[in-house]
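The block underneath contains the structure these notes are about, expressed in structure tokens.
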């Protein structure tokens, strides 16, 4: 009896001194993945991951879709136990540069892994007499303010990708904002707007049909999605890179052991050939990373794009 008593005391003391890395058995209930609206890239990725995490984790994994910054706010305020996760895009860490947000992208989250990346494509209407990035830059510099580009809402990926191009290429092109990416693309196809930086998956049929001319990809390295196109960095704007990133977070102060378990299980999903193929068919590349690598990617992008946003005086409408 005495031995049992002291064993219980020691176990209790171990729990008290275990610190933030200690957790009871995980997971112990349903896991929620908070993400953006139904039908988008974040929703697509969330559902693939949720469907393939349930079995190894031994718990149901559900996806909850919300608009705006509701997913970010909900996860920032959730219990740090790994049962409420955020799967979202780079807007999570760039939104605070555009507007006041009820969360801090560094302090309120524990990065788990970089999930996917997807480059954009610089496209122009075929009537524009340019066939390379260098020719486009030369025309823009010869006629400041004469060329325009379409994008979705202020602060969207295709908007900031264009603004980064303007800053690094040193050109004056005029932005025209639309409510939806579809309409922004349609007006380039119709010849009402000169150019755009849409996602790779959204314009493939239009490039193949000749309704749009692709000049380059925005990734740092040539993309397997568009091997025939050069990178914008190699074609005239050294150092240029802009990709749509999706990542996975837990609330800040989630135990390291839980973050590590989630990282391992998600990486196993992303490394499967059938999963890679599903994403590639949607014009998206799986990535996978350590929590530390994902955190470094976030900080680097905040430094670079934060300067672009501030210098251009961009604020959300």
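Scanning the stretch 54-68 for residues that are in a loop (DSSP other than H, G, I, E, B), under 20 Å from residue 259 (Cβ atoms) and out of contact with any strand residue (DSSP E or B) (no Cβ under 9 Å at 6 or more places or on another chain) yields one hit, 58. Residue 128 passes every criterion in (1) touching a residue at least 40 places away in the same chain (Cβ under 8 Å); (2) over 19 Å from the mean Cα position of the chain (by Cα); (3) in the same structural domain as residue 251 (by TED's automatic domain parsing) apart from (3). Scanning the stretch 107-142 for residues that are assigned to a loop (DSSP other than H, G, I, E, B) and closer than 30 Å to residue 96 by Cα yields a total of 2. Total residues in the stretch 53-67 satisfying the condition of being surrounded by fewer than 17 Cβ atoms within 10 Å (Cβ to Cβ) and under 18 Å from residue 251 (Cα atoms): the figure is 3. Taking helices (runs of 4 or more DSSP H) as the structural unit, those lying wholly within the stretch 205-317 and holding at least 2 residues that are closer than 17 Å to residue 112 by Cβ, modelled with pLDDT of 95 or more and in contact with a strand residue (DSSP E or B) (Cβ under 6 Å, 6 or more places away or on another chain) correspond to 256-270, 291-312.
Kindly provide the set of residues from the stretch 182-195 that are crowded, with 20+ Cβ neighbours inside 10 Å and closer than 24 Å to residue 99 by Cβ, ordered by number. Can you show your working first?
Filtering the stretch 182-195 for residues crowded, with 20+ Cβ neighbours inside 10 Å gives 184-185, 188, 193-195.
The one that is crowded, with 20+ Cβ neighbours inside 10 Å and closer than 24 Å to residue 99 by Cβ: 184.
Would you say residue 155 is in a loop (DSSP other than H, G, I, E, B), at positive phi, crowded, with 18+ Cβ neighbours inside 10 Å and modelled with pLDDT of 95 or more? Here the answer is no, as residue 155 does not meet what is asked. Please enumerate the residues belonging to the stretch 113-138 that are buried (at least 17 other Cβ atoms within 10 Å of the Cβ) and either out of contact with any helix residue (DSSP H, G or I) (no Cβ under 9 Å at 6 or more places or on another chain) or at positive phi (or both). Hit for the stretch 113-138 is 117, nothing else. Scanning the stretch 69-90 for residues being in a loop (DSSP other than H, G, I, E, B) and more than 15 Å from the chain's Cα centre (by Cα) gives a total of 7.
Is it true that residue 50 is under 11 Å from residue 266 (Cβ atoms) and surrounded by 18 or more Cβ atoms within 10 Å (Cβ to Cβ)? Answer is yes for this residue. Filtering 246, 164, 212, 225 for residues that are buried (at least 21 other Cβ atoms within 10 Å of the Cβ), in contact with a helix residue (DSSP H, G or I) (Cβ under 6 Å, 6 or more places away or on another chain) and over 22 Å from residue 93 (Cβ atoms) leaves a single hit, 212. Scanning the stretch 228-243 for residues that are farther than 22 Å from residue 286 by Cα and touching a helix residue (DSSP H, G or I) at 6+ places or on another chain (Cβ under 8 Å) yields 235, 236, 237, 239.
The values are calculated or read from the model by the stated rules, or taken from the named source; none is laboratory data. Computed from a predicted model, the values in this text were never measured in an experiment. Here the Cβ is made from the backbone with ideal geometry for all residues, glycine too, and neighbour counts use every protein chain on show.
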